[in-house]
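Taking it in order: structure first as structure tokens, then the write-up.
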Amino acid sequence: MATSAIFILDLKGKVILCRDYRGDVAPKNAEKFITRVNELEESGRITPIINHEGITYIYVQYSNLYLVAVARENINAASILLFLHKLREVFVHYFNELEEESLRDNFVIAYELLDEVMDYGYPQFTEAQILAEYIKTDAYKMEVQARPPMAVTNAVSWRSEGIKYKKNEVFLDVVESVNLLVNSNGTVVRSEVLGALKMRTFLTGMPECKLGLNDKVLFESQGRSPQDKKKAVDLEDMKFHQCVRLTRFESDRTISFIPPDGAFDLMTYRLSHNVKPLIWVECLVEKHSRSRTDYLVKARSQFKDRSTATQVEILLPLPPDAIAPTPRTSQGTATYAPEKDAMVWKIKNFPGGREFVMRCRFALPSVPAEEESTGRMPPIRVNFELPYFTVSGIQVRYLKVIEKSGYQALPWVRYITTAGEYEIRMS
Amino acid sequence: MGGEKVRGELGEIKTTLAGLSSTHGRAPELLAAKREVFKKIVNYMTVGIDMSSLFMQAMTAAVQHGDDIVLKKMLYLYICTYAQSNPDLTLLTINLLTKDSKDTDPHIRGLAIRSLCSLRVANLVEYLVPAISVGLIDQHSYVRRTAVMGVLKVYNIDKPAVHNTGMLGTLKEMLQNDPDAQVAANCITVLEKAGDMKGMIDRAFVVRLLNRIKEFSEWAQCQVLEAVSVYRPSNEGEVYDMMNLLDDRLTHSNSAVVMAAIKLFLHLTLAMPATHQQVLERVKDPMQTLISRDHFETAYAVLAHFHLLAQRAPILFSSIYTAFFCRMNEPTYIKQLKLEILAAIADEHNAYDIATELTEYVGDIDPHLARDAVRAVGRIALEVQDVGGIVERLLGFLEVGKPYVTAEAVTQIADLLRRFPDLAEICVSSVSNISPQDLEEPEAKAAFIWILGEFGHSIQDAPYLLERVAGKFEGEAPAVRAALLTATAKLFFKRPPECQRALGMCLQAAVADSDMLIHDRGLMYLRLLQYSVNEAARVIAPPMEAVTAFAEEQSPELRDRIFDEFNTLAVIFREPSTAFTRRTTVDTLSNGFNDVDGEGAVPAADEGSSLLTDTEQAEALGQDGLTPRLANGSPGAAPAASASTPLPDLLGDLLGGGGDLMAPAAPAAPQPVLSLRPHPHLTPQEFQGKWGALQPAKKESLMLAPPSIATAVAGGLQELNRRMAAASLFTMASGGAAPAFRCYLHGQTEAAE
């Protein structure tokens, strides 16, 4: 079940780095890999895992690079794909950016890293903090903080001892991203909210953190009043960072942990019951003649008046051969983006309970193009941010930090909802 | 030019190295200069230029700065790269590495042992063993875990060396007692590979390992879960204990851990059908999150597992079908899999919604997605018959006006008609609106011609459409020519006067055809017709029989084998690992020849479904792409022909020297005494009456293996029903809960009125 080697290739298939763990796949196979990828891409049958002449190539593409794991054995595909992504994160952590240039500048340290993340093709550690102990070369761009080595039996593998900050702060961002798909007849085909508690900690020593949420299960178990229960949320499939003591959570729903240093996702969750779309967009098509078509787009905010969506961007697809599209808007500005075949309507501030309208007029060539694509129009896509608001209604009730030196840490909590894959099909 | 430049560079590096080596002292600039040169060497090495000639100079230069770990790492990398090709020079490095393995810095000790074991030179094993043995009892965990992996490296070069030194025994002890989790995890890896793990896995061991699972790193947790998955608990209570202990692994943020836990749960409960089903319910949520949150690539791997589970237990996933709707910016490989899953989980409740969503994709700009969507609707039409509107959608695709959509739709409709000839009434009028000229692709054209041949009696223009293609017989692809010949011959018996001209053209062209198969088939038709028209009609155009199972479909047995290899490449490639791990260049090249043999052999070997063998056999033979439509007609002839007719021989000839291919079919020729109607008519009342009135004719009890029961139950007995239906036995009623399921089946003999 072991990986034979890791190749890092440029997009033409030239080897930039190659770490051979088992000596049963030669680097020259990289060429075969790239030829095969090109063939499959042409036939539209490309997958992230390909088997060619008895060798399996598992790869991810990132900026102008391929990260490829090769194997002859029947390995765990899902885990290796994830490993490659973690490897990418490690590189990004060390070089700030991962692309051909930064890799070439830092290839010695990249080899050092590859040496430690796997041994004989078996993944070992992929946490940048832990790896720091073994990496001796200074990265080209990164300031490496001198850290004392981890104690031999360190129960907390994700945090080193002896971290010091002048000012102790914790930032907690509650981020929810809304995925929505609406059919051309206006029915919501699918809606889903993906939430994450993103944390950044700048804390001295080995702090104990405790986080309280308005968790439904907790409220029920405490026998709170029905009024309180209304405010509680029921989250699906919660996932925690490895630092969270899950047994504690299972028994009394407290989220307690010793956080890693820096940024990490404390918890993620999902909400799949239907939520009312926050911003509703409709498009009416009025075809007067070939020389004049009108799109009438209505955007309505369906959240409370006191909230305001910012950075609203509505991408209205137009036919590729549209001539001189001219927009008129009741709010915001709209500009034609021919490279996207779309009208981009931007509204800086969109208060709740309001409706704005855009009318977009364009012509089509009087003679239809010979190969006029009869393909369906891509959907209208919407981007927005809604600060101080969560769809799920999740709330942080408290965030306590206790460290034996007894310092006071400042917790900062923010809420924001953003549009993920927010698509509305056109008729 | 390039070579010359490199040689120049090589010389330059050599001189620089020599220069640096002769400068004594410990100035930091000297070290920096050396590091630079080594970077250059490693860089050239990476791009594949042979740097082995610098061996001596590099060694000397690096040894002088023995305390610089960066330089050392680069030197080790260099040594390991060229060790195999230069065993003599490698011998010189042994001293250095052995010395370093006793260094005061644990990091250097670990690195030295790792490099020492990575030299992969067989006759150096004697130097490795002592170094590893010392490493295994090192104070520092880094050295220990590296040494543990070293054991495996030696094991792969020289197995006896490892067995003789008793190192595996040491590892077993370390696995139990070492305080460092990663050391223990690496012990598991080595012991598994050396085949020494099996004997160790007992209750006490599993409990101890699982109790400390949280100490392990994410990757090591996967290793542990995988190792434990071979353990078979002695009672159900133990299974529940294990699952309770590990339930939180399903909420881990690392998807590899989640998948490993899922595998363990599924395998643990194989013998407990009801619990197995609960596990499937339980893992649904975490898996769903993995596909919507993780990277596309990881989502792809998870989706492949979803597909496997959906095939085993479609009903469990049928309620979450919207999770498999495609988003616009997902890569094609994700969409492709999602469509297959949608087709697999479609049932009477969701089929309409799914088909509506799929229709959206048919309009997509990406032709691959559009085709996949058509194919998925075709699949649904085959599997879910009671829902209206599905076949109509399929027919609607014929009018979308894009050639590839039309082509795919025609192919799907032909498949649908092969299984449900009754649908012809609804389909032919739409199909007859297209003309063969609109279809470019041979497969679609052949499918269309097959429809004309089988259902030409109700398509007014059929003979003339065929005639038009027959006029350009030579210009068509082999598959089309074969289909055309058969279709024309078949239609001839239904509408002789109109088809005579077309058949004449086809026969003439076929006899002159360079393709052996078409040539022989043409000759056979001709001679049959000359011999006796009635006899020819009986052989060439027997009444059409519905196909109950397509050869492309994976057998449940194969799926079970893949399920055993859950969470590996087997699931991704949809074949057991033996199929792809040993595949070499030679195999792939000869595949083209083997295909026919291979496909023919599979159904023949499948004795369990002997009632089906002849049909399947013919289907499988059809898969070589040369005889697709003929295959359909001929099996119908087989049961009708008495044992004395020369038909099997003729078929053998027809398939171009495939006499031995047909051999397995021969034993099937003796008729089953009982022949059952494909569509029995019996009301529940009648059934109940007969059930009470008739005496039991035969009682038999058979034991099923627990995994098979789990599979059958998880799939809502659909598989059982399908298999029984294939043998013309239909379920009147079924129900019950584990462990007592009841199925009331019935069949009707051909003779019954």
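FYI, it's all coordinate maths here, none of it is from the lab. This one's a predicted model, so the numbers in the text were calculated from it and none came from an experiment. Cβ sites come from the backbone with ideal geometry, for glycine too, and all protein chains shown count toward neighbours.
Applying 1/(1 + (r/R0)^6) with r as the Cβ-Cβ distance of A:LYS167 and A:LYS340 and R0 = 30 angstrom yields a FRET efficiency of 0.10. The 3J(HN,Hα) values that the Karplus relation (6.51, -1.76, 1.60; θ = phi - 60°) gives for the range B:423-429 are, in residue order, 6, 3, 3, 6, 7, 4, 5 Hz. Gly and Pro appear as x. Counting Cβ atoms of other protein chains within 10 Å of each residue's Cβ and taking the mean over peptide B:180-189 gives 2.
Charges were assigned to the Cβ only: +1 to each Lys and Arg, -1 to each Asp and Glu. The resulting dipole of the protein assembly as shown about its Cα centre is roughly 3480 debye. Counting only other chain Cβ atoms within 10 Å of each residue's Cβ, the peptide A:116-127 averages 6. Taking 25 Å as R0, compute the FRET efficiency from the Cβ-Cβ separation of A:SER256 and A:GLU89 and round it to 0.05. Rounded to the nearest 0.05, the efficiency is 0.45. In chain A, what % of DSSP beta bridges are antiparallel (nearest 5)? Counting DSSP beta bridges with both partners in chain A, the antiparallel share is about 90 percent. Think of the protein assembly as shown as a dipole: +1 on every Lys or Arg Cβ, -1 on every Asp or Glu Cβ, centred on the Cα centre; then among B:VAL162, B:SER458, A:SER392, A:SER392 lies furthest on the positive end. Size descriptors for the protein assembly as shown, from the alpha-carbon set: Rg then Dmax equal 34.4, 108 Å. If r is the Cβ-Cβ distance from B:SER532 to A:GLU73 and R0 is 51 Å, what FRET efficiency results, to the nearest 0.05? The calculated FRET efficiency here is 0.25. Looking at the range A:337-427, the chymotrypsin sites (Phe, Trp or Tyr not before Pro) that sit in a DSSP loop and have at most 13 other Cβ atoms within 10 Å of their own Cβ are A:TYR388.
Listed by chain and number, the lysines whose C-alpha is less than 17 Å from the C-alpha of A:LYS210, apart from same-chain residues fewer than 8 away, are A:LYS198, A:LYS239, A:LYS400, A:LYS404. All other residues whose Cβ lies under 13 angstrom from that of A:GLY353 are scored, Lys and Arg at +1 and Asp and Glu at -1, for a net of +3. Residues A:CYS209, A:CYS283 in ascending order of nearby Cβ atoms (within 10 Å, fewest first): A:CYS283, A:CYS209.
Placing unit charges on each Cβ (+1 for Lys and Arg, -1 for Asp and Glu) gives the protein assembly as shown a dipole about its Cα centre, and among B:ALA204, A:PRO259, B:PHE306 the Cα reaching farthest toward its positive end belongs to A:PRO259.
Note the full-extension length gain between A:ALA263 and A:TRP412 as 0.36 nm times their separation in residues minus their Cα-Cα distance, in nm to one decimal. Working it through step by step, the gained length comes to 52.3 nm.
Here the relative contact order of the range B:83-241, from alpha carbon pairs under 8 Å that lie six or more residues apart, stands at 15 percent. Pop a pseudo-label 7 angstrom from the Cα along the beta-carbon direction at both B:GLU553 and B:ALA274 and give the gap in nm to one decimal. Inter-label distance under the simple model: 3.0 nm. In order along the range A:340-353, the Karplus-derived 3J(HN,Hα) couplings, from 6.51 cos²θ - 1.76 cosθ + 1.60 at θ = phi - 60°, round to 9, 6, 8, 9, 9, 9, 10, 10, 5, 10, 10, x, x, x Hz, and Gly and Pro are given as x. Take each residue in A:47-57, count the other chain C-beta atoms within 10 Å of its C-beta, and the mean is 6. Could you compute the net charge surrounding A:ARG19? Neighbours are other residues with a C-beta less than 14 Å from the C-beta of A:ARG19; K and R count +1, D and E count -1. So the environment of A:ARG19 carries a net charge of -3.
Its Kirkwood hydrodynamic radius, worked out from the mean inverse distance over all distinct Cα pairs, puts the range A:5-131 at 14.7 Å. Rg and Dmax of the range B:389-443, both derived from C-alpha coordinates alone, stand at 10.5, 28 Å. Amide hydrogen proximity for B:ALA541: with H placed 1.01 Å from N in the peptide plane, no residue at 5 or more positions away or on another chain lies under 5 Å.
Consider a paramagnetic label point 7 Å from the Cα of B:TYR464 along Cα→Cβ; state which residues of the range B:480-505 have an amide N under 17 Å from it. Taking a point 7 Å out along Cα→Cβ of B:TYR464, the residues of the range B:480-505 whose backbone N falls under 17 Å are B:495-503. Taking 16 Å as the straight-line reach from the Cα of A:LYS32, the lysines in range (excluding those fewer than 8 positions away in the same chain) are A:LYS12, A:LYS14.
Please figure out what share of the DSSP beta bridges in the protein assembly as shown is antiparallel and state it in percent, rounded to the nearest 5. Once the DSSP bridges in the protein assembly as shown are tallied, antiparallel ones form about 90 percent. Computed about its Cα centre, the charge dipole of chain A is approximately 1860 debye, with only Lys, Arg, Asp and Glu carrying charge at their Cβ.
Span-like helix check, chain A: qualifying full DSSP H segments, with Cα axial length of 24 Å or more and mean Kyte-Doolittle of 0.0 or more, are A:77-95. Full extension of the chain between A:ASN38 and A:ARG104 gives 21.3 nm of extra length, using 0.36 nm per residue less the Cα-Cα distance.
Scaling against 2.2 N^0.38 Å puts the C-alpha radius of gyration of the range B:440-555 at 1.04.
Convex hull volume of the Cα atoms of the range B:120-182, normalised per residue: 74 Å³. When its C-alpha radius of gyration is set against 2.2 N^0.38 Å (N residues), chain A gives a value of 1.19.
Pairwise inverse Cα distances across the range B:1-75, averaged and inverted, put the Kirkwood hydrodynamic radius at 12.6 Å.
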